[in-house]
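The values are calculated or read from the model by the stated rules, or taken from the named source; none is laboratory data. Being a predicted model, the structure only gives us computed values, none of them experimental. When we count neighbours, we look across all protein chains shown, and the Cβ atoms used for this are built from the backbone with ideal geometry, even at glycine. For accessibility, only protein heavy atoms count, side chains too; no ligands or nucleic acids. Shrake-Rupley method; radii C 1.70, N 1.55, O 1.52, S 1.80 Å.
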Amino acid sequence: MNSQNGARWRNLVGLASRPRPVVAATPADVLYAENKWRLLRYRSTSRRFATPILLVPSLINRHYVLDLMPGKSFVEFLIGCGHDVLIIDWGTPTAEDRFVTFDDVCGQWLGRAIRKAAALSPRNQTHVLGYCMGGTLAAAHVAVHKEHVASLVALAAPVRFGAPGLLTSWTRAPDFDVTLLTEALGLVPWQLLQSAFQMLRPTLGMAKVVNLYDRAWNDRFLDGFLALETWANDNVSLPGAFFRTWIEAVYREDALLRGNLTLQGQPVDLAAIECPTLAVVFEQDSIAPAADCAALLEKISSPDKGLEVVQGSHVGGVTSREASKTLWPLLSAWWAARDAAPQQRAEPNAAPQQAAAAPAAPHKTRVARSKAGA
Amino acid sequence: MWMWDQWKKGFDVWEDATARYLDQVLQSPIVLGPAGKALNVAMRAKAQADKAMAQQWAAIGLPTRRDQERTLHAVNQLHSRIADLEEQIQAARASAAAPAKTAN
């Protein structure tokens, strides 16, 4: 106990000068770049599956929440399992991107990323995982353009926006004039977005401090904490035109669920989603409530659909050590089961069977209730 | 450590109760109304200031900030369109090559 106390105070005193953990460390190559966004393909010498996985993060936060730090990276885990992993880095919009629309992001850019990823596969298809807003965008896109999508995983991705809650109250407040805001500011500043998310639980800052003191003796915890804080404070402003559609159509009118949303002039009908689909929801998610995410499965017509209800919060549920033992292997196994015939690619410097020892399916059922065919 | 554990339990209870209370407060029209109005006033002021600045630039024949943003956006749109066309050309080439391969 005394040694824990000693380590705790040593770590707390040295916190300011403690070297920050390296985030987004998994090596990747830029497969494609357009405007500010880039499609990254992670390097691997042991790809075992024919169908790549495209990760679609939120526009509000940086992509590297899925590649937080070595040993705590979903991407690193998937590569170890033999998957070919790509991710969209939405980049940092600048003043002229105030005109970037929902159609540009969800139709044009996401579509191109999916096609580029699919082109790497012999079946010309890719698995798509959308996280948070990225999942909502992915669902809307797949409902209209399904050609190159082998499967869809909606990770904490809301599709219903009418449920009572802070975000609904704020976005639907009659005095909140989104057009005025976007006309005046162009880009919706990340500071505004970040403070809105912080206001979802204003006491969270204090709870973090207490939790930090409680576990500061643990170096591993401290590194993870600092990495997550680095990510949480590295936010991105949103294009005004995109934000206007997001708030007015998606939030206020609940247009995605009601079928009133259009993408590049075509109606977005979630019932058109026929590919294998998995919705992963978190029980303690205050940003994307579980019921609002699970609603996707009620609308789609895929015969192969499932719901995973996972313990955890919106971010912790994806990045925690628990996630690395339960959720990550579960997702890897889900994709492995829906891959085309596994292949051995003749890639230079391949380390044969290096990933064979990686877990194929061994998820513990602490992932909580799992309802197949929900 | 016992005292710390007891304090932390108390803190957790307080934190949860306070968060629930603030949740109600922050949804209340009494808070949302004035906050929304204040935001609108600030945005109108910003828009007016930008408009006045743009008029100054336009008066001396220089492009405004908005003009430059529109131009840069148009360049980005053109880049995107070219990428579309490149994709279409590649697809056309691939489909033209496919029957040839099959014939072989």
Task: Interchain or long-range residues, amide H under 5 Å from A:VAL188's placed H - done: A:LEU238, A:GLY240
Task: Surrounding net charge for A:ASP254, when Lys and Arg each add one and Asp and Glu each subtract one, Cβ distance under 13 Å - done: +2
- [ ] Take the solvent-accessible surface of the protein heavy atoms, probe 1.4 Å, and return the percent of it on segment B:10-62 that carbon and sulfur atoms account for.
- [x] 68 percent
Open item on the list: If each DSSP helix of 4+ residues adds -39,500 (n - 2.57) and the sum is divided by the residues in chain A, what number results at 222 nm, nearest 500 deg cm²/dmol?
Closed with: -10000 deg cm²/dmol
TODO: Collect residues whose amide H, placed 1.01 Å from N in the peptide plane, falls under 5 Å from the amide H of A:VAL56; neighbours closer than 5 in sequence don't count.
DONE: A:LEU129, A:GLY130, A:TYR131
Task: Residue mean of other protein chain beta carbons inside 10 Å, A:135-144 - done: 0
Open item on the list: With +1 on the Cβ of every Lys and Arg and -1 on the Cβ of every Asp and Glu, and nothing else charged, how large is the dipole of segment A:175-243 about its Cα centre, in debye rounded to the nearest 20?
Closed with: 260 debye
Task: Per-residue [θ]222 nm for chain B (sum of -39500 (n - 2.57) over DSSP H runs n ≥ 4, rounded to 500) - done: -33500 deg cm²/dmol
- [ ] For A:ILE273, list long-range residues whose amide hydrogen, built 1.01 Å from N in the peptide plane, is under 5 Å from its own amide hydrogen.
- [x] A:SER301
- [ ] State the percentage of accessible surface on segment A:1-145 attributable to carbon and sulfur atoms; use a 1.4 Å probe and exclude ligands, DNA and RNA.
- [x] 55 percent
Task: Share of alpha-carbon pairs per 10 Å distance bin for the protein assembly as shown, given as whole % - done: 4, 17, 28, 26, 16, 7, 2, 0, 0
Open item on the list: Is there a quick way to get the dipole size of the protein assembly as shown? I mean about its Cα centre, with the Cβ of Lys and Arg at +1 and of Asp and Glu at -1; what is the value in debye to the nearest 20?
Closed with: 700 debye
Open item on the list: Nothing charged except the Cβ atoms of Lys and Arg (+1) and of Asp and Glu (-1): what's the magnitude of the dipole of segment B:63-104 about its Cα centre? Round to the nearest 20 debye.
Closed with: 20 debye
Open item on the list: Using Cα-Cα distances under 8 Å and only pairs 6 or more residues apart, what relative contact order does segment A:2-371 have, in percent?
Closed with: 23 percent
- [ ] For every other residue with a beta carbon closer than 11 angstrom to the beta carbon of A:GLY317, add +1 if it is Lys or Arg and -1 if Asp or Glu, then tell me the sum.
- [x] -4
Task: Spatial separation of Cα centroids for segment A:41-74 and segment B:30-104, in angstrom - done: 28 Å
TODO: Give me the accessible area per residue for the protein assembly as shown, probe 1.4 Å, as a whole number in Å².
DONE: 47 Å²
Open item on the list: For the interface of chains A and B, what total accessible area is buried with a 1.4 Å probe, rounded to the nearest 100 Å²?
Closed with: 3400 Å²
